[in-house]
Amino acid sequence: PATVTCTFTPASVTPAANGSVTSSLAVNTTTVTPAGNYALTVTGTSGSLTHSVALNLTVTDFNVGVSPASGTAVVGGSTTSTVTVNSLNGFTSGVTLTCAPSSVNITCSFSATPITPVANGSATSTMTVVATASAVTGSYTVTVTGTGGGQARSAVYTLVVNNFSMSVNPVSTT
């Protein structure tokens, strides 16, 4: 893919007669390189001679999901949701979870972090979201980010904070 670059160090080599020489190949991807298996061809040229070698590049990735993607809590209360990290194309690195609520009066934490998915499988952690006693009613977002293997992936959770009131009827009794 266009997001893959290759660099040789040194870029040009000259072997001694009947000898050999080494050049190191660095293959770099970006955070937008899709997970997959890619065939690469490395070609060396000297004058009219050309030799090629095939090699395979495996790019792994992961995604982050939150289920349910929204919840409700009363002021001073909490709710939970399951955060799932899915392995794509064999990803097996630890993923550190963080959360960023849109209000300082909303807090969040995880039952486990980092978590490591099995190759082409998943791993989960329970996220607890708390509407502190200072929270006001309304809708808030919590951005959940997983960071691992040099990559970061996010999902958004929505928290609706409600308040409650009480009344007594009748207000007096005899």
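The values are calculated or read from the model by the stated rules, or taken from the named source; none is laboratory data. Here the structure is a predicted model, which means the values were calculated and not measured. Neighbour counts are summed over all protein chains in view; Cβ atoms, including those assigned to glycine, are modelled from backbone coordinates with ideal geometry. All accessible areas refer to the heavy atoms of the entire protein, side chains included, with ligands and DNA or RNA removed. Shrake-Rupley method; radii C 1.70, N 1.55, O 1.52, S 1.80 Å.
Select from region 54-103 the residues that are in contact (Cβ under 8 Å) with a residue 24 or more places away in the chain, closer than 30 Å to T137 by Cα and in a loop (DSSP other than H, G, I, E, B) and list them in ascending order. Before you say what the answer is, go through the steps one by one.
Within region 54-103, the first condition is being in contact (Cβ under 8 Å) with a residue 24 or more places away in the chain, and the residues that meet it are 57-66, 69-103.
Subset that is closer than 30 Å to T137 by Cα: 64-66, 69-84, 97-103.
Result: A69, V75, G76, G77, S102, S103.
When you look at A2, is it closer than 30 Å to G146 by Cα, open to solvent by 70 Å² or more (accessible area, probe 1.4 Å) and assigned to a strand (DSSP E or B), yes or no?
Numbers: closer than 30 Å to G146 by Cα: yes; open to solvent by 70 Å² or more (accessible area, probe 1.4 Å): yes; assigned to a strand (DSSP E or B): no.
Against the criterion (closer than 30 Å to G146 by Cα, open to solvent by 70 Å² or more (accessible area, probe 1.4 Å) and assigned to a strand (DSSP E or B)), A2 does not qualify.
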Restricted to region 15-38 and to residues being closer than 19 Å to S52 by Cβ and part of a loop (DSSP other than H, G, I, E, B), the residue least open to solvent (accessible area, probe 1.4 Å) is S23
Candidate set from region 117-141 (those that are under 15 Å from the mean Cα position of the chain (by Cα) and either at pLDDT below 95 or β-branched (V, I, T) (or both)); member that is nearest to T31 (Cα to Cα): V118
Identify, by number, the condition in (1) surrounded by fewer than 16 Cβ atoms within 10 Å (Cβ to Cβ); (2) modelled with pLDDT under 95; (3) farther than 30 Å from S12 by Cα that S67 doesn't meet. (2)
Is it the case that region 39-49 has a residue that's open to solvent by less than 60 Å² (accessible area, probe 1.4 Å) and within 25 Å of the chain's Cα centre (by Cα)? no
Subset of region 104-122 [closer than 16 Å to V142 by Cα and assigned to a strand (DSSP E or B)]: I106, T107, C108, S109, F110
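Can you go through S78, S102, S70 and tell me which one is more than 28 Å from V32 (Cα to Cα) and touching a strand residue (DSSP E or B) at 6+ places or on another chain (Cβ under 6 Å)?
Working: S102 fails: more than 28 Å from V32 (Cα to Cα); S70 fails: more than 28 Å from V32 (Cα to Cα).
Checking each option against the conditions leaves just S78.
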